[in-house]
1. Quick check: is even one residue across region 158-165 touching a Lys or Arg at 6+ places or on another chain (Cβ under 6 Å) and within 26 Å of Ile58 (Cα to Cα)?
2. Six or more apart or on different chains, Cβ under 9 Å: which pairs go from a residue in region 113-135 that's closer than 23 Å to Phe22 by Cβ to one that's among the acidic types (Asp, Glu) and surrounded by 15 or more Cβ atoms within 10 Å (Cβ to Cβ)? Could you list them?
3. Can you run down the residue pairs with Cβ atoms below 9 Å, 6 or more apart or on separate chains, where the first is in region 17-35 and over 14 Å from Ser121 (Cα atoms) and the partner is part of a helix (DSSP H, G or I) and among the hydroxyl-bearing types (Ser, Thr, Tyr)?
4. Would you point out which residue out of Asn255, Asn216 is within 24 Å of Ile39 (Cβ to Cβ) and within 17 Å of the chain's Cα centre (by Cα)?
5. Of all residues being surrounded by 12 or more Cβ atoms within 10 Å (Cβ to Cβ) and of a type outside the set (A, V, I, L, M, F, W, C) in region 55-75, which is modelled with the lowest pLDDT? Just the residue, please.
6. Looking only at region 1-44, filter to residues that are assigned to a helix (DSSP H, G or I) and small (Gly, Ala, Ser); which one of those is modelled with the highest pLDDT?
7. Quick one: Gly174 ticks every box in (1) buried (at least 19 other Cβ atoms within 10 Å of the Cβ); (2) modelled with pLDDT under 95 except a single one, so which number is it?
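The values are calculated or read from the model by the stated rules, or taken from the named source; none is laboratory data. What you see is a predicted model; the values in this text were computed from it and never measured. Methodologically, a virtual Cβ is constructed for each residue, glycine included, from the backbone with ideal geometry; neighbour enumeration extends over all protein chains shown.
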Amino acid sequence: MSEIKRPEYNNQKVKVSKFSVFMDILKIRFWNIAKLNLICMGIYSIFIIVYAVYLSNIFIPFDLSDFEEGYTNFGELLSLVVVRIPYVLVLFTIPVVAFGPAVSGMAVVFRSYVRRDDSFSSDFTDGLKKFFWKSLAISTISTVILVCLGIAFRWYLINLDPGFLKVFLLMMIGLFSLFFLMMHLYVYQILVEYDLSIWKCYKNSYTFAILRFIPNLLIITGIAAITVLPFFIHVLVGAVLMFIILFGISAYIINFFAWPALEKHLDPIMKEAKIPKVRLY
């Protein structure tokens, strides 16, 4: 009688879904993420108001002639600024116009979280200091490019006659703007991981924006939704989430999906080119 072979359960690896890993890290690190969010809120608060007034005015200009009669109209102007804030926030949560050094500091922290490595309370400030000037340059360049795209889009929209050329140019600007947003899912992670110039950080992030178009589109759509939709429920709901978790959770989502992609696709290329990784300490 032949022996029945029993399966060796000890050698079988239990497959864990990405969602389970995502929620497990979030559960363990939630309060740390909330603390980072509070820090970023303190840094971003002034920028948010400034961009809500000036940057959004490029796309949807204020008609200031309607607000010259007194205090009541000033109140209406203030309410318009508040209404624009949720849409401006998307540019911080993705992040395009966010303060670069803060984003690079968060990238260093979340790199440890995603990789399940040891993390230290000083990682954020160390990352902010080490990558301060490079990341500040990236955020400045990104803001200038975004302003130029906004001016070009509005100029073509107003000045070109209806027709194929107008539709084509607006679509091209819109498509490039979408890829430009997707680049910022990777550019700061590449900056803090590899010893590359700013130009090469942009170049590699643009490659990832194209090659991972569908995942990037889903991530951007999700982040835009969790940024804007709470304000549609009630402005206080949006404001509370902004102060408690919005920037932290958005950064966590970006880093959770960005780091595995970089390890899988960019690490081998960097090793072959003998480009060293950046040492934080």
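1. Applying the first criterion (touching a Lys or Arg at 6+ places or on another chain (Cβ under 6 Å)) to region 158-165 yields 160.
This time we only want the ones that are within 26 Å of Ile58 (Cα to Cα), so: 160.
The answer is yes; a qualifying residue exists.
2. Phe120/Asp126
3. Between residues of region 17-35 that are over 14 Å from Ser121 (Cα atoms) and residues that are part of a helix (DSSP H, G or I) and among the hydroxyl-bearing types (Ser, Thr, Tyr), the close pairs are Phe22/Tyr252; Ile25/Tyr113; Ile25/Tyr252; Leu26/Tyr252; Ile28/Tyr113.
4. Numbers: Asn216 fails: within 24 Å of Ile39 (Cβ to Cβ).
Asn255 is the lone residue from the list that is within 24 Å of Ile39 (Cβ to Cβ) and within 17 Å of the chain's Cα centre (by Cα).
5. Restricting to residues being surrounded by 12 or more Cβ atoms within 10 Å (Cβ to Cβ) and of a type outside the set (A, V, I, L, M, F, W, C), the top hit is Asn73.
6. Quick first cut of region 1-44, residues assigned to a helix (DSSP H, G or I) only: 9-11, 18-44.
Next, from what is left, pick out any that are small (Gly, Ala, Ser): 20, 34, 42.
On the way: Ser20: 91, Ala34: 94, Gly42: 91.
Step by step, filter region 1-44, then rank; the result is Ala34.
7. In the conditions (1) buried (at least 19 other Cβ atoms within 10 Å of the Cβ); (2) modelled with pLDDT under 95, Gly174 misses (1) alone.
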